[in-house]
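The values are calculated or read from the model by the stated rules, or taken from the named source; none is laboratory data. The model shown is predicted, which means the values in this text are computed figures rather than measured ones. Because the Cβ atoms are built from the backbone with ideal geometry, glycine has one as well, and the counts that use them run over all protein chains shown.
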Amino acid sequence: MSRIGDRGEMEAFVRSVELGGFSAAARELKLTPSALSKLVTRLERSLKVRLLNRTTRRLTPTPEGELFVARCRRILAEMEDAETELSRTRERPRGRLRMHVAVGFAMHQLVPAMPRFFERYPEVHIDLVIEDRRVDIVRESIDISVRPWPPDSTSFVVRKIFECRSRRASTTRIASTASRSQAWESRG
C-alpha cells in the first residue's frame, strides 16, 4: 500500500483544486508554482493515480481526485483541530496534580496560596499529601514534592524555589546537656 509523503503534499493538492491552479495555490502557500506542482506530482506517484487534469489555464480534479480532495479536507481539518486542542492544553494547565509537602510549608505557604491558585487554574485538581517524611516519589506517584532536603536520586528534575532557614528551640535543661559542637551541627 502506498503512503502519502507528508501533510504538505495534501495541502498543496487541496489548495490547487480549490483555487483552480498551481500559481494561485503557490502564492498562498508561499511556494513557487514549480515546487507546488512537484508536491502534487509526488502525491500522484505515491498513490499511483492521476488526481488532476491539467490544462494551461486550469486544473480540474479527476473522479479519483474528487474523492481524494474531499477526504483530504476532512483529514486536514482534523489535524488542525488536533493541533488547536493541544495548544489549548499548553495555554491552561488542567488535570490531576499529586503533590507532597511538609506540614510547616503546607500551613504557612501552600494553604494560604491555594484559593488564588484554584481561581487562576480551575481545571487543576490537587491531591495533596502533607507529611513530614521522605516519600518515594516514583512508588507513590508524586508529581511534585516540596522538601527541605535534596532528592535521593539524581534522575529527578530539581529546582530550588526558595531559601529556608530553620530555628530550633528547646528548654534550657535540654540545651545545657548538649555539647557546643552538637548544638552547632544541629543548626546546619
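All of 4, 75 fail the test of being modelled with pLDDT under 90, β-branched (Val, Ile, Thr) and within 31 Å of the chain's Cα centre (by Cα), apart from 4. Considering segment 88-127, and only residues there that are within 21 Å of residue 138 (Cα to Cα) and either touching a Ser or Thr at 6+ places or on another chain (Cβ under 7 Å) or among the polar types (S, T, N, Q) (or both), the residue that is surrounded by the fewest Cβ atoms within 10 Å (Cβ to Cβ) turns out to be 98. Between 35, 25, 113, 106, the distinction of being touching a strand residue (DSSP E or B) at 6+ places or on another chain (Cβ under 8 Å) and part of a helix (DSSP H, G or I) belongs to 106 only. Note on segment 32-66: among residues that are under 35 Å from the mean Cα position of the chain (by Cα) and of a type in the set (A, V, I, L, M, F, W, C), the one that is surrounded by the fewest Cβ atoms within 10 Å (Cβ to Cβ) is 35. For the criterion of being assigned to a loop (DSSP other than H, G, I, E, B) and not hydrophobic (A, V, I, L, M, F, W, C), residue 122 passes. Between 66, 9, 85, the distinction of being part of a helix (DSSP H, G or I) and either modelled with pLDDT of 95 or more or closer than 30 Å to residue 140 by Cβ (or both) belongs to 66 only.
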